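> There's a structure below that I have some questions on.
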Amino acid sequence: MADKKRKYEDFSRKNEGNQSNLTGKRISNLPSKGVKGKKEGPKVNNGVFTYAGSLTVSQLADQLQISPADIIKYLFMQGKMVTINASLDDELIGEVCLEYGYDFKKEKIVEAENFEELEIEDDEKDLKERPPVVTIMGHVDHGKTTLIDTIRNSNIAAGEVGAITQAIGAYQKEYNGKKITFIDTPGHEAFTAMRSRGASVTDIVVLVVAADDGVMPQTREAIDHAKAANVQMIVAVNKIDVPGANPQHVKDQLMALNIIPEEYGGDTIFCEISAKKNIGIDNLLENILLKSEMLELKANPKRYALGTVLEAKLDRGEGPKATLLVQNGTLKSSDYVVVGTIYGKVRRMTNEYKKTLKVAPPSTPVSIIGLSDVPSAGDSFMAFPTEKEAKDIASKRAQAKNEREMRSSSGMSLDDLYNRIHEGEVQNINVIIKADVAGSAEAVAESLRKLKVDGVNINIIRSSAGAITESDILLASASNAIIYGFNVRPNANVRAKADEEKVEIRTHRIIYALIEEIEAAMKGLLKPTLVESVSGQAEVRQIWKVSKVGTIAGCMVTSGTLTRGQKCRILRDGIIVYEGEIQSMKHGKEDAKETRTNFECGLTITNFNDIHEGDLIEGYEMVEKAGK
Ligand code: GDP
């Protein structure tokens, strides 16, 4: 991919003299050469015509060294009228190339305005070790917050004792002369929210597991997230001070999940700690540094800063205020930054002790003011030498974002999958499987693993028992996955979240049908299918048993509309317990045909009397969806 890898000079502060002099005098008008990016013109090489963006007829003619009139004539013969200045889309460019015997290839140009996509190639000699960025994850109440506080408060540097701190979402800890950056919003929500926006800030996840409680659902989720993000993990077995704590049990449980401690020949470091009693914390910090040394984390402090917004808010006195994590380069107060689609001059830069900083080298979290608006957590930022550049780039990004949003999708639908497989873009299908019981989740996973279609792999990133939750949606969105529900259904909130994140949820009750569907998609053979459309949901508030009639469910319709005679299913804790039809419907004593949101009704279900209070009744129709 031409131009994706950038030379280090492009964004370096090379004209500013020695880097050890970062706080010194700076030359403000750096050449803008690199920042604009080198745009490669179209060209023919070995019979392959390479271009980027769209081309006009005359540009294409020029590049292919044919006459524009020939192109116009050829397209006219194909029934397409174009003028010499008409801009040709990919399809037309391709047609013309083929007519003249060339293969063609479209290249993606990454310019400074696409800074998320820059793969920066720094010169080896400029790379310096940088502190690791650590996120703490684990099940609720296992001690994440306590650990964060203990680490923060233990041996605080002398000058900072008693200093007023500000919560900026991250802090740096110095240990044995080395720094570690901790993200201080624990848990995987923030982590996944970042990742679903394409940001990855974490180098190491510390997985906290309480020794008196063991592996719990969120422990497993945290592991899934760390694995899906390809992030190194250190296990902190916490609460070893609690009588009856059983660290060995935690090890056994994690080994069953394929997380093998070093002492058993694996590669995961386990540290036994008590966050509350401050036991084993030094050892944990040492191991974090050890791990980070093994990862050889490096960055180039000489370039203009690039990184991610950790959090942002509107401060009443100071205006938009954002915490930035510098991931490469050095941010200076007085730089101009572009964040997401906004820009501004760094007016003041502070650390978590409210100390004003002039420079922030790689892995430093800083709070800045001076932006024109409040950015979003997870946005990327990049620093520029001049206001003009920052402003230009921000406006180009705003435009690109608009275009992207028009055709955006963060999750992946089966249709997308089909299209992308067809275009050779997808080799991996990420799948999340949720099922009513662990046995069927495993059975579905097993059958999917056995599917063999050339050139396409199925990657199961989570497979577990239980209802489809928001956490599943976030993981799917972050990993471009499709969720397969087997005998489980999302509730209305989860469905809304899925719509928002554009994540596709496919639900089935027969393994065979599920496998057949995904196999068809893998082969690019999507047939016309019946898809269901949920018309509404009602909550069962009360039950009456009436002889001869059976069980009547007193319901409140919570979304959409339910209609007498329509297909429905009964859900208990997100799991399908029955599928049938709405047999009768009453408003008070009157027969009714339908009930809308926020109205009550009494229902009976064909051949089903085992309705419980709290069950959900979901009405749906099957509609034909055109296939490919
Ligand atoms: P989080 O939900 O994971 O952030 O958990 P917290 O840090 O809020 O801790 C939950 C509870 O466990 C609190 O009451 C803590 O005081 C307690 N706790 C945390 N770490 C330890 C520990 O090492 N030993 C003991 N005995 N209690 C702990």
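The values are calculated or read from the model by the stated rules, or taken from the named source; none is laboratory data. Keep in mind that what you see is a predicted model, and the values were worked out from it rather than measured. Neighbour counts run over all protein chains shown; Cβ positions are idealised from the backbone, glycine included. Please note that ligands, DNA and RNA were not included when accessible areas were found on the heavy atoms of the full protein model with its side chains. Shrake-Rupley method; radii C 1.70, N 1.55, O 1.52, S 1.80 Å.
> Could we say that ALA538 is crowded, with 21+ Cβ neighbours inside 10 Å, among the aliphatic types (A, V, I, L, M) and in contact (Cβ under 8 Å) with a residue 60 or more places away in the chain here?
Values: crowded, with 21+ Cβ neighbours inside 10 Å: yes; among the aliphatic types (A, V, I, L, M): yes; in contact (Cβ under 8 Å) with a residue 60 or more places away in the chain: yes.
When the stated conditions are applied, ALA538 passes them.
> Would you call LYS450 at pLDDT 75 or above and over 30 Å from LEU571 (Cα atoms)? Walk me through it before giving the result.
Details: at pLDDT 75 or above: yes; over 30 Å from LEU571 (Cα atoms): yes.
In short, yes.
> Is region 550-558 home to any residue that is open to solvent by 60 Å² or more (accessible area, probe 1.4 Å) and touching a strand residue (DSSP E or B) at 6+ places or on another chain (Cβ under 7 Å)? Break it down stepwise before answering.
Going through region 550-558, the residues open to solvent by 60 Å² or more (accessible area, probe 1.4 Å) turn out to be none.
Checked against the condition, which is being open to solvent by 60 Å² or more (accessible area, probe 1.4 Å) and touching a strand residue (DSSP E or B) at 6+ places or on another chain (Cβ under 7 Å), region 550-558 yields no hits at all.
> Then there is this: Can you give me the number of residues within region 255-290 that are β-branched (Val, Ile, Thr), within 15 Å of the ligand (Cβ to nearest atom) and touching a helix residue (DSSP H, G or I) at 6+ places or on another chain (Cβ under 9 Å)? Show your work before the answer.
Filtering region 255-290 down to residues β-branched (Val, Ile, Thr) leaves 259-260, 268-269, 273, 279, 281, 288.
If we keep only those that are within 15 Å of the ligand (Cβ to nearest atom) as well, we get 273, 279, 281.
From what's left, touching a helix residue (DSSP H, G or I) at 6+ places or on another chain (Cβ under 9 Å): 273, 281.
Number of matching residues: 2.
> Going through region 443-487 one residue at a time, which ones are closer than 19 Å to GLU516 by Cβ and assigned to a helix (DSSP H, G or I)?
Selection gives ALA443, VAL444, ALA445, GLU446, SER447, LEU448, ARG449, LYS450.
> Among the numbered conditions (1) under 22 Å from THR469 (Cβ atoms); (2) open to solvent by less than 80 Å² (accessible area, probe 1.4 Å); (3) under 33 Å from the mean Cα position of the chain (by Cα), tell me where GLU517 comes up short.
(1)
> Quick one: which of GLU311, GLU293 is among the charged types (D, E, K, R), under 32 Å from the mean Cα position of the chain (by Cα), more than 16 Å from the ligand (Cβ to nearest atom) and not in a helix (DSSP H, G or I)?
Values: GLU293 fails: not in a helix (DSSP H, G or I).
Exactly one residue qualifies, and that residue is GLU311.
> Now for a separate question. Filter region 130-150 down to the residues that are touching a Leu at 6+ places or on another chain (Cβ under 7 Å) and either within 11 Å of LYS298 (Cα to Cα) or of a type in the set (Lys, Arg) (or both), then identify the one that is nearest to the ligand (Cβ to nearest atom).
Out of the qualifying residues, it is PRO132.
> Residues that are open to solvent by less than 30 Å² (accessible area, probe 1.4 Å), at pLDDT 90 or above, outside any loop (DSSP other than H, G, I, E, B) and within 16 Å of the ligand (Cβ to nearest atom): does region 190-203 have at least one?
Among the residues of region 190-203, not one is open to solvent by less than 30 Å² (accessible area, probe 1.4 Å), at pLDDT 90 or above, outside any loop (DSSP other than H, G, I, E, B) and within 16 Å of the ligand (Cβ to nearest atom), which makes the answer no.
> Something else: Which of the residues that make up region 266-296 are in contact with an Asp or Glu (Cβ under 9 Å, 6 or more places away or on another chain) and either open to solvent by 20 Å² or more (accessible area, probe 1.4 Å) or at positive phi (or both)?
PHE270, LYS276, LYS277, ILE279, GLY280, ASN283, GLU293, LEU295, GLU296
> Could you grab the pairs with beta carbons closer than 7 Å, sequence gap of 6+ or different chains, first residue in region 286-302 and of a type in the set (Gly, Ala, Ser), second one assigned to a loop (DSSP other than H, G, I, E, B)?
SER292/PRO132; SER292/ASP203; ALA299/LEU127; ALA299/ARG130; ALA299/PRO362
> Same structure, new question: Could you tell me whether ASP373 is over 17 Å from ALA170 (Cβ atoms), under 24 Å from the mean Cα position of the chain (by Cα), among the acidic types (Asp, Glu) and open to solvent by 50 Å² or more (accessible area, probe 1.4 Å)? Lay out the reasoning, then the answer.
Working: over 17 Å from ALA170 (Cβ atoms): yes; under 24 Å from the mean Cα position of the chain (by Cα): yes; among the acidic types (Asp, Glu): yes; open to solvent by 50 Å² or more (accessible area, probe 1.4 Å): yes.
Yes: the conditions hold for ASP373.
> Among the residues of region 255-290, how many are assigned to a loop (DSSP other than H, G, I, E, B) and of a type outside the set (Gly, Ala, Ser)? I'd like the intermediate steps shown before the answer.
Initially, region 255-290 is screened for residues assigned to a loop (DSSP other than H, G, I, E, B), giving 257-260, 265-267, 273, 275-278, 280.
Now narrow it down to the ones that are of a type outside the set (Gly, Ala, Ser): 257-260, 267, 273, 276-278.
Counting residues in region 255-290 that are assigned to a loop (DSSP other than H, G, I, E, B) and of a type outside the set (Gly, Ala, Ser) gives 9.
> Look at region 66-86 and say how many of its residues are part of a loop (DSSP other than H, G, I, E, B) and closer than 15 Å to PHE104 by Cβ. Talk me through it step by step, then tell me what you get.
Restricting attention to region 66-86, the residues satisfying the condition of being part of a loop (DSSP other than H, G, I, E, B) are 66-67, 78-86.
Subset that is closer than 15 Å to PHE104 by Cβ: 66.
Qualifying residue count for the region: 1.
> Can you find even one residue in region 217-235 that is open to solvent by 30 Å² or more (accessible area, probe 1.4 Å), in a loop (DSSP other than H, G, I, E, B) and modelled with pLDDT of 90 or more? Break it down stepwise before answering.
If we filter region 217-235 for residues that are open to solvent by 30 Å² or more (accessible area, probe 1.4 Å), which is where we start, we get 217-218, 220-221, 224, 227-228, 230, 232.
The next check asks that each one be in a loop (DSSP other than H, G, I, E, B); those that pass are 230.
Imposing the further condition that a residue be modelled with pLDDT of 90 or more reduces the set to none.
No, every residue in region 217-235 fails to be open to solvent by 30 Å² or more (accessible area, probe 1.4 Å), in a loop (DSSP other than H, G, I, E, B) and modelled with pLDDT of 90 or more.
> Can you tell me which condition ASP573 does not meet? The list is (1) surrounded by 15 or more Cβ atoms within 10 Å (Cβ to Cβ); (2) out of contact with any strand residue (DSSP E or B) (no Cβ under 8 Å at 6 or more places or on another chain); (3) in contact (Cβ under 8 Å) with a residue 40 or more places away in the chain, and all the others hold.
Of (1) surrounded by 15 or more Cβ atoms within 10 Å (Cβ to Cβ); (2) out of contact with any strand residue (DSSP E or B) (no Cβ under 8 Å at 6 or more places or on another chain); (3) in contact (Cβ under 8 Å) with a residue 40 or more places away in the chain, only one is false for ASP573: (1).
> For region 347-380, give me each residue that is of a type in the set (A, V, I, L, M) and in contact (Cβ under 8 Å) with a residue 40 or more places away in the chain.
Narrowing region 347-380 to residues of a type in the set (A, V, I, L, M): 349, 357, 359-360, 366, 368-369, 371, 374, 377.
Selection gives VAL359, ALA360, VAL366, ILE368, ILE369, LEU371, VAL374, ALA377.
> What are the residues in region 238-254 that are open to solvent by less than 50 Å² (accessible area, probe 1.4 Å), within 10 Å of the ligand (Cβ to nearest atom) and either touching a Phe, Trp or Tyr at 6+ places or on another chain (Cβ under 8 Å) or part of a loop (DSSP other than H, G, I, E, B) (or both), if any?
VAL242, ALA245
> Answer yes or no: is there a residue in region 318-336 that is part of a strand (DSSP E or B), at pLDDT 95 or above, within 16 Å of the ligand (Cβ to nearest atom) and surrounded by 20 or more Cβ atoms within 10 Å (Cβ to Cβ).
No, the conditions are met nowhere in region 318-336.
> For region 506-551, how many residues meet the condition of being at pLDDT below 80 and either on the phi > 0 side of the Ramachandran plot or not in a helix (DSSP H, G or I) (or both)?
10
> Identify the single condition in (1) of a type in the set (A, V, I, L, M); (2) farther than 17 Å from ILE148 by Cα; (3) crowded, with 24+ Cβ neighbours inside 10 Å; (4) over 20 Å from the mean Cα position of the chain (by Cα) that VAL208 does not satisfy, given that it satisfies every other one.
Of (1) of a type in the set (A, V, I, L, M); (2) farther than 17 Å from ILE148 by Cα; (3) crowded, with 24+ Cβ neighbours inside 10 Å; (4) over 20 Å from the mean Cα position of the chain (by Cα), only one is false for VAL208: (2).
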